[in-house]
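Have a look at the structure below before the remarks.
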Amino acid sequence: MKKLRLLILSLAILTIGIMYAQQDGGTTTTTTTETTPKDKIDYGGVKDEASDANKGTQEQSLYKVTIDTFERSGEWRASMPLEYGLVNVKELPGAPYELAQMNSEKVKTPPKYGMSGAKNKTYFEEEMDNHAQIMGVRIDYMQRGYGWARIQPPFPIKLEGLVKGFEMWVCGRNKRHKLYVVLKDYYGEEKLLEVGQLNFMGWKKMSIQIPYTIVQQDFRFSTSRGITFDGFVINFNPEETTGKLYIYFDNLSVELSRFLEENRDQDDPLDVW
């Protein structure tokens, strides 16, 4: 009996030894960490700081930004050739029914002056939209013709990022005039984009995509991408240029991607001097 116990104990010890040898590889290794002195040049190394950035997805960097809620639209201004008539801008109470049903809300707005930092938190500002005011435009015609009227914000609004498109609420009076958005591209050249004809009654949500022909970036320079919004233009249909024209605006928004702006190297100097 004693011999049997010794045999079982010996087999158990042997089995444990075999298992340990398989796990350890039968050898004992010593790990050493080699460090490269900081005052030495690593001639084979290539390091890009952008690879260290915690990049999100492009969808996470896509934002809908409200350019103007028109709660203080009295700051806008308008102009047109005097021989065609007079134009006036006024802040009025009201809102499209869809917006009037909503409670007051905070909306993201682009910074009013200058350029901001690359991160989302430092770029966007917040503004309270009470859905209580709109911008009204009245045009008094003096003669028929292919005239135009221009409505501009208090200052051009620079949109930092890749702009996808614009959206706005417009109240028309079933006239065949055309509405345009006035933009300045990456190089400061003025462009007009046709939003659509104003041949409808009441409020309508109008939108337009930015075509690839509008230059918004130059990959060879380290500057912010984007375009500048500089108001609206209404081109008149000469057959409709009699009496008065009323048109109203509310909640002008833009969709833009800030993926590159939020993931660029923070210590990369801007080419703006």
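Since every read-out is calculated from the coordinates, none of them should be taken as a lab result. Please read all numbers here as calculations on a predicted model, not as lab measurements. As a convention, Cβ positions derive from the backbone with ideal geometry for all residues, glycine included, and neighbour counts pool all protein chains shown.
Data table
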{"item": "Fully extended contour minus Cα-Cα distance, from ARG150 to GLN209, at 0.36 nm per residue", "result": "19.2 nm"}
{"item": "Sorted by Cβ neighbour density within 10 Å, fewest at the top, the residues LEU198, LEU86", "result": "LEU86, LEU198"}
{"item": "Table column - 3J(HN,Hα) (Hz), region 253-270, Karplus curve with 6.51, -1.76, 1.60, x for Gly and Pro", "result": "10, 9, 10, 9, 9, 10, 4, 5, 5, 7, 10, 7, 5, 5, 9, 7, x, 7"}
{"item": "Surrounding net charge for ASP129, when Lys and Arg each add one and Asp and Glu each subtract one, Cβ distance under 12 Å", "result": "-3"}
{"item": "Assigned charges on the beta-carbon of Lys, Arg, Asp, Glu; region 58-262 dipole about Cα centre (debye)", "result": "300"}
{"item": "Burial ordering of TYR84, TYR248, TYR186, fewest other beta-carbon atoms within 10 Å first", "result": "TYR186, TYR84, TYR248"}
{"item": "Likely footprinting exposure, GLU83, GLU160, GLU98, fewest C-beta neighbours within 10 Å first", "result": "GLU83, GLU98, GLU160"}
{"item": "Over 27 Å (Cα to Cα) - which of LYS112/LYS205; LYS64/LYS244; LYS108/LYS178; LYS112/LYS175; LYS90/LYS205 fall in this group", "result": "LYS64/LYS244; LYS108/LYS178; LYS112/LYS175"}
{"item": "Those trypsin sites (Lys or Arg not before Pro) in region 130-236 that DSSP places in a loop and that have at most 11 other beta carbons within 10 Å", "result": "ARG220"}
{"item": "Charge dipole (region 58-262, unit charges on Cβ, about Cα centre) - positive-most of GLY165, ASN88, LEU62", "result": "ASN88"}
{"item": "Spin-label pair ALA132/GLN60, simplified geometry with 7 Å Cα→Cβ offset, distance in nm", "result": "3.8"}
